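The values are calculated or read from the model by the stated rules, or taken from the named source; none is laboratory data. Quick caveat: nothing in here was measured; it's all calculated off a predicted structure. Ideal geometry is used to build each Cβ from the backbone, glycine not excepted, and the neighbour counts take in all protein chains shown. For accessibility, only protein heavy atoms count, side chains too; no ligands or nucleic acids. Shrake-Rupley method; radii C 1.70, N 1.55, O 1.52, S 1.80 Å.
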Amino acid sequence: MTMTRRSLLSLIGASGAVGLASPLLGPAQAATGLTAAEWGGDVVEAMKQIAAKQNLAQFNWVLHQGGAGAILPKIKAAWPKVDYDYIAGWEGSFNSMIAEDWVETITAADVPNLADIPEKIMMRDAKGNVKAVPRAVGGIYFGYRTDTAPFAVTKIDDLFDKRLKGAICWPGPTQSMMLQIVALALQGGGNESNMEPGWKLMKDLAKSGNIGRIAVTDVDFTNSFTSGETSVGFFAEPSWAAVAKNFKITRLTKQAGMATFLYQSGFAVMKNRPNRKATCDFINFAISPEMSALYAKVAGEAPLNGKAAIPPELAHLAFTPKEFDSFVHVPDYKVVLSQQDAWAKRWESDIAPLL
Amino acid sequence: MNGRTKRLGDRILGGAMVAMLALMLAFLVTPLLVTCLLAFDSRSFLGPLPPPALSLRWFERLASLDYVATGLATSLKIALLATVIDVLVGTAAAVALDRGGFRGRGLLMAAFLSPLIVPAVVIGLALLLFLSRIGVIDGFTRLLCGHVVITLPYVVRTVLASLAGRDRRLTEAALVLGATERQAFWSVTLPLIRSGMVTGAVFAFAVSLDDVAVSMFLTDPSTYTLPVALVSSMRASFDLSIAAAAVLLMAVTAVLIIVLERFVGFDRLLGQGLFRS
Amino acid sequence: MSAVTIARPQELAIPAPARMSLLLLAPGLLILLSIFALPLLGLVLESLKQYVPGRVGSAVDASLTLENYRELATPSFAGVLYETFKLSAAASLAGLMAAFPLAYCIVRRFSPRQRAACIGLLVMLVLLSMLVRTYALELAFGSVGIARPLLLALGISPTSRGYIEVLVEAGLLHAVMPICTLTLLGTIQNIDPRLCDAAQSLGAPAWKAHLGITVPLALPGLVSAFLIAMTFAISAFVIPMVLGKGRVLFLSNTIYTRFSDVANYPSGAAVSIAMLVISLLVLSLASLAHRGKGARS
């Protein structure tokens, strides 16, 4: 991680902005001890590097165990006592936390850098208050391992090709918010509110014998690809990034007919904690342009701050407005999230027996 | 059937038995060998065997991760405590179940076995919700409760198994010869079930040390076990540190067994039952 | 040639006072009650509550309903139930059949050195992390494993459902065998070897002697070992997930779906309670059948 003159200048400029937002005037303050729940691997590494660049907050990093789902019952069990100042999450976990009213409302006064984050992506409660601070965006999309895939997949119909027997790694019902079925539905002329075409295609795909593995966790997918067991899949950014570290992959994010979905990763500030201001200040620092760029570089998710540069290795997530309209499908997340349970059950009864 | 065909039959079956045992042992040993290969795998991902090159990177990583030492200490403490509790409580319960003399014996035996049927994820969640409701929020206590629940059935069952197989007339003889109940238990019954207790203790320790599913619900920000720490450090990339940790554990076990065999003698530890070969 | 029968040990002539038994049971019962039965009761309550999609578990004021159980009356759930029990029973039986001769050899045939080495190996296997072991098996026998050329030569498709069922069986077997063997050690130790010797000197071939003497005497231990193996296999999670490629589903996998980001705890609780009840039924049937044969368990 080298410091170029340009990044140094931009950092000085940014710390000026940060300086206005944080009370760094007068004698140095002792760092506030905060507890944060983050994902392991590259994400917590990125956050540790970000935390090292400031000295107002000191962290006890608690890692998510297997997805964000394991922390939810812990919060519910301890409520109203809360052990975490912020919890990193995505649409899937934020939705439940907001519904349970566990998170603080974030205003522009709390986190001024919110102004640089696209409004549309922010998660709100029923009253329209912003409830989570997005920091980065990742993709959920089709792709394949360039060296081992039997042929170059370019459309959904290719998934049914006989040459792909046993070669597909398909996400299970706890992964990807079942957007894989939405992708199939789009192919069949439906969408998240009309899923029947998707279920029909899914049944056909299950019967075809082309699905080698159903990935139950992120690691399943990565291992399946790196061990060469399967070579074509639909999965979220962290897994693609993990595979890409060692193998050449083709990401079908800008492929007509194969929908790309975007999810946000961000911060949820918990209620009933004593250090709300310190937490918000850190979050504001973390989503500043250069910290966003740092996060993007280390964690592999594209920055949401409009002023941050997207690193070249994340070019597949940089869309011009025209590209965005053609390739990215933004589902109505209200529908998607409220249907999770029903879709999972339908998967179990209709699809799983066919595999 | 004359003698020669009988012995021939025996010889063939004996040969078949040896072949089957050899196959079984090979099957059992294969994953151990593969684990060793994985622990020294130079690749940073899970790839097909054999590894192209060997390296110590995973051991170095294990040594460098700051939460390994804390996690290991907690894991060992919990495993030891849980095992001790299990052996004491479980042996007492097994002895009581074996003695009988009260109604509902069968039901109680099933009850002691039932934690094994409930998936660990469910036990973890149920305990989390229950303990929080009664105000037990300390991570260590919660973990201990969870681990005792999932390991106790092993001890009860193995001790029951050895109790069931023993010759009761021995205890009876001791009583007839003038020993009190307590003396008869300590000097006759207990040595007979010693292997059951040791086996149960080994299972309990092993299950506690390896558990992830129950522990992940019961840890708190300051208390966590080693397997949970290792598993959560993987987000999407498979961290082969767990293979390195497994190899280290294998090495420690091997050393312990060699030491035990040399100084204490395995047979003395496990007991030889009534009939020494 | 008549089978050799054994006079079974007589019932203890001196009756055991119930009070002593209950005192010994007390701590175990206390633990079971406080940290198992009561939490389970909480789970039963949870399973009767209404789940609102998007929430975490049931709300505090949720209404009571049997919906979560009604949802389980589907062919797919029955399919998962059947798959779980079928594969578990097969693996447990196979494990027993493999463990018994092994345990016998360890106790009666090996020298002390060989015995220590073998028991050491078994203990190492018991201590081996389930996750690592399962991935090791996958890399050895899975679709990209070293056995792949052999499988293809035999015409077996490594990604076919039949083969992954076999793989899951192998995984369960590998986990269950050391446990069964170690459990049976104690049982075999307490069987008098002279009985077999006597039978053989009276003219029985070795296999007949063992079938007629060693096996019946070891029956209580065998049933215990079977039950331990079976209960372990039923609640397996990692093995079907990794070796079954997520396609061979066990009940724990179904439960996991409900305990993840989709926090439908009421449904997960319902599946767990259903699983517990059905398993207890099956296991007590197995126990009863054994007890019905006249031997004491």
Report summary line: Along the stretch B:32-40, Karplus-curve 3J(HN,Hα) (6.51, -1.76, 1.60; θ = phi - 60°) to the nearest Hz, with x for Gly and Pro, reads 5, 5, 4, 4, 4, 4, 5, 5, 9
Query raised in the report: From the cross-link list A:K155/A:K200; A:K162/A:K203; A:K271/A:K334; A:K76/C:K245; A:K162/A:K345; A:K203/C:K245, which pairs have alpha carbons spaced over 25 Å apart?
Result: A:K76/C:K245; A:K162/A:K345
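Provide C:C180, B:C36 ordered by accessible surface of protein heavy atoms (probe 1.4 Å), highest first.
Details: C:C180 0, B:C36 50 Å².
Descending accessible area places them as B:C36, C:C180.
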Query raised in the report: Hey, which aspartates and glutamates would be in cross-link range of A:K307, C-alpha to C-alpha under 17 Å, not counting anything within fewer than 8 residues on its own chain?
Result: A:D116, A:E119, A:E290
Query - At 1.306 mPa s and 10 °C, Stokes diffusion of the stretch A:162-274 via Kirkwood alpha-carbon radius, µm² per second - result: 104 µm²/s
Query raised in the report: What residues from the stretch C:69-92 fall in the zone where the backbone N is under 14 Å from a label point 7 Å along the Cα-to-C-beta line of A:S349?
Result: C:69-79
Query raised in the report: Which whole number gives the average, over all residues in C:112-122, of C-beta atoms from other chains lying within 10 Å of the residue C-beta?
Result: 5
Query - Whole-angstrom gap from the stretch B:137-208 to the stretch B:209-255, using each part's C-alpha centre - result: 29 Å
Report summary line: Across all Cα atoms of chain A, Rg and the largest Cα-Cα distance (Dmax), in Å, are 20.9, 70
Report summary line: In degrees, nearest 10, the alpha-carbon axis of helix A:276-286 is tilted away from the dominant principal axis of the alpha carbons of chain A by 60 degrees
Query raised in the report: Amide H neighbours of C:K49 under 5 Å, counting only residues 5+ apart in sequence or on other chains, H built in-plane at 1.01 Å?
Result: C:T65
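Would you mind calculating the relative contact order of the stretch C:144-297 from Cα pairs under 8 angstrom and at least 6 residues apart, reporting the percent as a whole number? Show your work: numbers first, answer last.
Values: 98 pairs, mean separation 33.6, N = 154.
Normalised by residue count, the contact order of the stretch C:144-297 is 22 percent.
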Report summary line: Of the convex hull drawn through the C-alpha atoms of the protein assembly as shown, the volume per residue in Å³ is 182 Å³
Report task. May I have the extent of the alpha carbons of the stretch B:96-247 along their three principal axes, as whole Å values ordered from largest to smallest? Result -> 66, 40, 24
Query raised in the report: Measuring from centroid to centroid over Cα atoms, what is the spacing of the stretch C:56-100 and the stretch B:55-76 in Å?
Result: 36 Å
Query raised in the report: Non-local amide H neighbours of A:T32 (under 5 Å, H modeled in plane, Pro and chain starts lacking H): which ones?
Result: A:A57, A:Q58
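Based on the Kirkwood radius over alpha-carbon pairs, what value in µm²/s does the Stokes-Einstein equation return for the translational diffusion coefficient of chain C at 20 °C and 1.002 mPa s? Each step should come with its number before you reach the end.
Details: Rh = 22.4 Å.
Value of D from the Cα-based Kirkwood radius: 96 µm²/s.
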Report task. Among A:A256, A:A241, A:A108, determine the one that fluctuates most according to a GNM of chain A built with springs between C-alpha atoms less than 10 Å apart. Result -> A:A108
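Sequence gap at least 6, Cα distance under 8 Å: using those rules, report the relative contact order of the stretch B:66-272 to the nearest whole percent.
Working: 221 pairs, mean separation 69.5, N = 207.
Relative CO of the stretch B:66-272 lands at 34 percent.
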**Report entry** Surface share of carbon and sulfur [accessible, 1.4 angstrom probe, percent] for chain B
**Finding:** 69 percent
Query raised in the report: Which one of B:A161, B:A251, B:A73 has the biggest mean-square fluctuation once chain B is modelled by GNM with Cα springs under 10 Å?
Result: B:A251
Report summary line: Tilt, helix A:42-52 to longest principal axis of chain A (alpha-carbon atoms), in degrees rounded to tens, equals 10 degrees
**Report entry** Selection of trypsin sites (Lys or Arg not before Pro), the stretch A:229-300, meeting DSSP coil and at most 12 other Cβ within 10 Å
**Finding:** A:K248
Query raised in the report: Per residue of chain C, what 222 nm ellipticity follows from adding -39500 (n - 2.57) for every DSSP H run with n ≥ 4, rounded to the nearest 500?
Result: -21500 deg cm²/dmol
Report summary line: Expressed in angstrom and ordered largest first, the alpha-carbon extents of chain B along the principal axes are 64, 63, 36
Query raised in the report: What list of ³J(HN,Hα) values in whole Hz, one per residue of the stretch B:5-19 in order, does the Karplus curve 6.51 cos²θ - 1.76 cosθ + 1.60 (θ = phi - 60°) give from phi, with Gly and Pro shown as x?
Result: 5, 4, 5, 5, x, 4, 5, 4, 5, x, x, 4, 4, 4, 4
Report task. Treat each spin label as a single point 7 Å out from the Cα along the C-beta direction, and report the A:R124 to C:Y69 distance in nm. Result -> 4.4 nm
**Report entry** With all protein chains modelled, accessible area of B:V198 [1.4 Å, Å²]
**Finding:** 40 Å²
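Would you mind getting the accessible area per residue of the stretch C:95-236, heavy atoms of the protein chains only, 1.4 Å probe, in Å²? Let's see the in-between values first.
Details: 4450 Å² over 142 residues.
It amounts to 31 Å² per residue over the stretch C:95-236.
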Query raised in the report: Roughly how tilted is helix C:38-47, in degrees to the nearest 10 and between 0 and 90, from the longest Cα axis of chain C?
Result: 50 degrees
Requested in this report: Find the centroid of the Cα atoms in the stretch A:276-352 and in the stretch C:130-195, then give the distance between the two in whole Å.
Outcome: 42 Å
Report task. Could I have the simple spin-label model distance between C:L281 and A:A52, label points 7 Å from Cα toward Cβ, reported in nm to one decimal? Result -> 5.9 nm
Report task. At most 16 other Cβ atoms within 10 Å plus a DSSP loop assignment makes a site exposed; report the longest stretch of chain B without any exposed chymotrypsin sites (Phe, Trp or Tyr not before Pro). Result -> B:103-274
Query - Partners for A:K245 among lysines (Cα-Cα distance below 16 Å; same-chain residues under 8 apart left out) - result: A:K297
Query raised in the report: Anyone know which of A:D110, A:D158, A:D42 comes out most mobile in the 10 Å Cα GNM of chain A?
Result: A:D158
Requested in this report: Go through the stretch A:147-162 residue by residue and turn each phi into a ³J(HN,Hα) via Karplus (6.51, -1.76, 1.60, θ = phi - 60°); whole Hz please, and just put x for glycine and proline.
Outcome: 7, 10, 5, x, 7, 7, 6, 10, 8, 4, 4, 4, 4, 8, 4, 4
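State in Å² the accessible area per residue of chain A; use a 1.4 Å probe, count heavy atoms of protein chains only, and round to the nearest integer.
Normalised by residue count, the accessible surface of chain A is 38 Å².
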